Amino acid sequence: MLSRSSISLDRMVNTLKAAAESSRLRILLLLSRGDLTVSDLTEILGQSQPRVSRHLKLLLEAELIERYQEGSWAYFRLSDSEAAREFISGVVPRVERTDPVVTRDQERLEAVKKRYQQRAAEYFAANAERWDRIRSLHVPDGAVETAMLKLVGERPFQAMADLGTGTGRLLELFAPLYRRGVGIDLSREMLAVARANLDRAGISHAQVRQGDLYAPPLERNAFDLVTMHQVLHYLDDPARAIAEAALLLRPGGRLLIVDFAQHGLEFLREEHAHVRLGFSDRQIEDWLTETGLELTAKRDFDRRAAAAPGLTVKLWLAQDRRLLIAGPGETKANAEIA
């Protein structure tokens with residue numbers, strides 16, 4: 001593994017050799033803008049697939065990039081290794097963006113991204129009516145997002161994981177705070193929407209990948225904030241998903257859950273695949289306690305519509321009990337944020 005303390009002279013030479021070739025450096029430049037497939041890179045670089053695959057193999061061996069599978073597609077991304085990212089961040093910004101080859105690569109990259117965005121827009125439009133009906137039953141998303149930002153606070157942190165990322169909205173919302181963000185979702189269609197949204201917002205320090213919430217393909221003890229936004233009501237075993245999320249947290253890390261309070265709207269189960277009709281505070285707190293997390297804050301958003309029954313959105317914020325040093329002004333006491 002690459003690290004400041006253990007990398008050998010030979011390994012450093014191999015790393016430099018892997019990056020010090022024009023096509024491979026172009027690949028690092030492109031992946032710094034987001035995850036891409038072999039087909040994407042072949043189209044952008046104007047090279048044969050075997051040649052591109054050879055370059056990718058050398059970068060993989062040098063641990064500068066990583067590969068992950070999403071259905072039948074294989075995606076490549078910059079390595080999550082801190083040392084690798086430090087190395088790349090010291091090299092990539094020094095490449096002149098007005099270089100003709102780099103300019104052409106960026107133009108082709110934009111064409112690829114626009115194609116993905118178009119596909120995402122078509123999928124989103126086809127499902128918009130279904131989502132809009134559910135949104136009409138609860139308070140506007142903006143009010144909930146403002147409360148989430150207030151609960152999490154303004155202090156920057158290292159890493160965020162969004163489980164069941166959907167459109168990638170939370171990765172976009174918290175982008176100013178984290179250094180590295182990862183979103184997980186089972187749906188390839190929703191991942192396409194999320195990638196398009198992150199590209200459109202100019203967010204290159206977050207990525208999304210396919211994965212199961214019961215076995216998230218993420219390193220444990222690595223994230224300062226894990227979010228689960230409107231996810232639990234789709235699951236047959238929410239307690240297990242919360243337990244898996246807790247394993248991802250660093251000591252003192254926080255888990256933010258957003259979902260519905262208990263309700264009786266059966267049509268959501270019949271027409272929208274909701275497995276659970278909301279959750280009580282007691283349920284969530286018990287599940288958090290079982291995983292070693294402490295509930296530190298909660299918030300209700302009641303639609304209060306007299307004309308028709310609505311949904312109450314709930315926010316629960318929990319913290320890993322392994323907190324070693326509390327920051328100035330921080331408290332672990334339970335509190336309801338008004």
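For residue 186 and residue 81 in one chain, what is 0.36 nm times their gap in residues minus the Cα-Cα distance, to one decimal in nm?
This chain segment gains 35.4 nm when fully extended.
How do 281, 236 rank when sorted from fewest to most other Cβ atoms within 10 Å of their own Cβ?
Neighbour counts put them in this order, fewest first: 236, 281.
Please give the residues of segment 17-44, grouped as numeric ranges, whose backbone N is less than 15 Å from a label point set 7 Å along the Cα-to-Cβ vector of residue 204.
In segment 17-44, the label zone of residue 204 (backbone N under 15 Å from the point 7 Å along Cα→Cβ) covers 25-36.
Once label points are set 7 Å from the Cα along Cα→Cβ at both residue 89 and residue 236, what is their separation, rounded to one decimal in nm?
Each label point is offset 7 Å from its Cα along the Cβ direction, giving 4.3 nm.
Amide H of residue 230: which non-local residues (sequence gap of 5 or more, or other chain) have their own amide H closer than 5 Å, using H built in the peptide plane?
Placed amide hydrogens put 258, 259 under 5 Å from residue 230.
Evaluate the relative contact order of segment 9-109 (contact order divided by residue number), counting alpha-carbon pairs under 8 angstrom at least 6 apart; express in whole percent.
The value is 30 percent.
Quickly work out the residue 116-to-residue 154 label distance, labels modelled 7 Å from Cα along the C-beta direction, and quote it in nm with one decimal.
The two pseudo-label positions are separated by 3.3 nm.
Can you list the aspartates and glutamates whose alpha carbon is less than 13 Å from that of residue 150, not counting same-chain residues fewer than 8 positions off?
336
Pull up the cross-link candidates among the lysines for residue 17, meaning alpha carbon to alpha carbon under 25 Å and not fewer than 8 places away within one chain.
Counting by Cα, and skipping residues close in sequence, residue 17 has these lysines nearby: 57.
Which lysines have a Cα lying under 17 Å from the Cα of residue 113, excluding residues fewer than 8 positions away in the same chain?
none
I need the shape label for segment 137-336. Rule: rounded when a/c is under 1.5, else prolate if a/b > b/c, else oblate, with a, b, c from the alpha carbon gyration tensor.
It is rounded, given that a/c, with a ≥ b ≥ c, falls under 1.5.
Round to the nearest 0.05 the FRET efficiency obtained for residue 269 and residue 9 when R0 = 45 Å and r is the Cβ-Cβ distance.
It comes to 0.15.
Could you check the simple spin-label distance between residue 283 and residue 215, using points 7 Å along Cα→Cβ, in nm with one decimal?
2.6 nm
The numbers here are math on the coordinates, done by the rules we state, and not lab data. Computed from a prediction, not measured in an experiment: that's the story for all the values here. With ideal geometry, Cβ positions are generated from the backbone for all residues, glycine too; neighbour counts draw on all protein chains shown.
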